[in-house]
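Here, each number is a calculation from the coordinates, and none is a lab measurement. Computed from a predicted structure; not experimentally measured. Don't worry about glycine lacking a Cβ; one is built from the backbone with ideal geometry, like all the others, and counts go over all protein chains shown.
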């Protein structure tokens, strides 16, 4: 008799970093979020988070505002300096209006005051997680486009730039003193390698690459 395979575990909804100096809050939220099928890592301070957390995406940072040492705003600034773009949902027992305003201006997704409604927390997490998934999708698209461009030969890159500028095949052939057939072959290879089917798509891809810094900054790997 064949042994039955174990049923597959449900896929995690995403990763949550929890930074709060209150042990009771950490334990309560960690258990609840794990029960809801999030992967969760809890930290007792911003310093602990900075020292021990690894970049994962998609993810959300649940962040207390008032803690000994670094504050939530301090950690938000530190993450920006490190280039870590994990969306932040603040959870605070008490905060002044200027702190709340500063948090939102710096890109926080939401700001919940303890004790908060759990439905409100879950909705905030859902919005933040969706935001990070979009960031990850955009990052992957940028990586793909750059890899495609880097696969072009030097001559193909030159022809690609001239095509984007609007030069006709005949003009490109005259500039490089080659046959029209040669230009057409290079042009077809450019389109194929860049994964586009129209000049408009090619122009948009090149414009996007030109507006981004090179090389690509480090980005978290997808959560398992």
| What number, in percent, do you get for the relative contact order of the chain if the mean sequence gap of Cα pairs under 8 Å and at least 6 apart is divided by its residue count? | 18 percent
| Which angle between 0 and 90 degrees, to the nearest 10, do you get for helix 199-210 versus the longest principal axis of the chain when only C-alpha atoms count? | 60 degrees
| request: Please arrange 86, 182 by counting, for each residue, the other beta carbons lying within 10 Å of its beta carbon, fewest first. | output: 182, 86
| Relative contact order of segment 4-135, defined on C-alpha pairs under 8 angstrom at six or more residues apart (%) | 22 percent
| Measuring from centroid to centroid over Cα atoms, what is the spacing of segment 90-113 and segment 134-183 in Å? | 46 Å
| request: Counting other beta carbons within 10 Å of each Cβ, put 147, 162, 62, 122 in order, fewest first. | output: 147, 122, 162, 62
| message | As a test of the formula, what do you get for the chain when each DSSP H run with n ≥ 4 contributes -39,500 (n - 2.57) and the sum is divided by the residue count, at 222 nm and rounded to the nearest 500 deg cm²/dmol? | response | -17000 deg cm²/dmol
| said: At a 10 Å Cβ-Cβ cut-off, how would you order 149, 17, fewest neighbours first? | reply: 149, 17
| query | Cα axis of helix 180-194 to longest principal axis of the chain: angle in degrees, 0 to 90, nearest 10? | reply | 10 degrees
| remark: Once both label points are put 7 Å beyond Cα along the C-beta direction, the residue 101-residue 74 separation in nm becomes 2.3 nm
| Taking Cα atoms of segment 68-113, Rg/Rh with Kirkwood Rh, to two decimals? | 0.93
| field | Packing rank of 107-115, 31-39, where each peptide gets the mean count of other beta carbons within 10 Å, highest leading | value | 107-115, 31-39
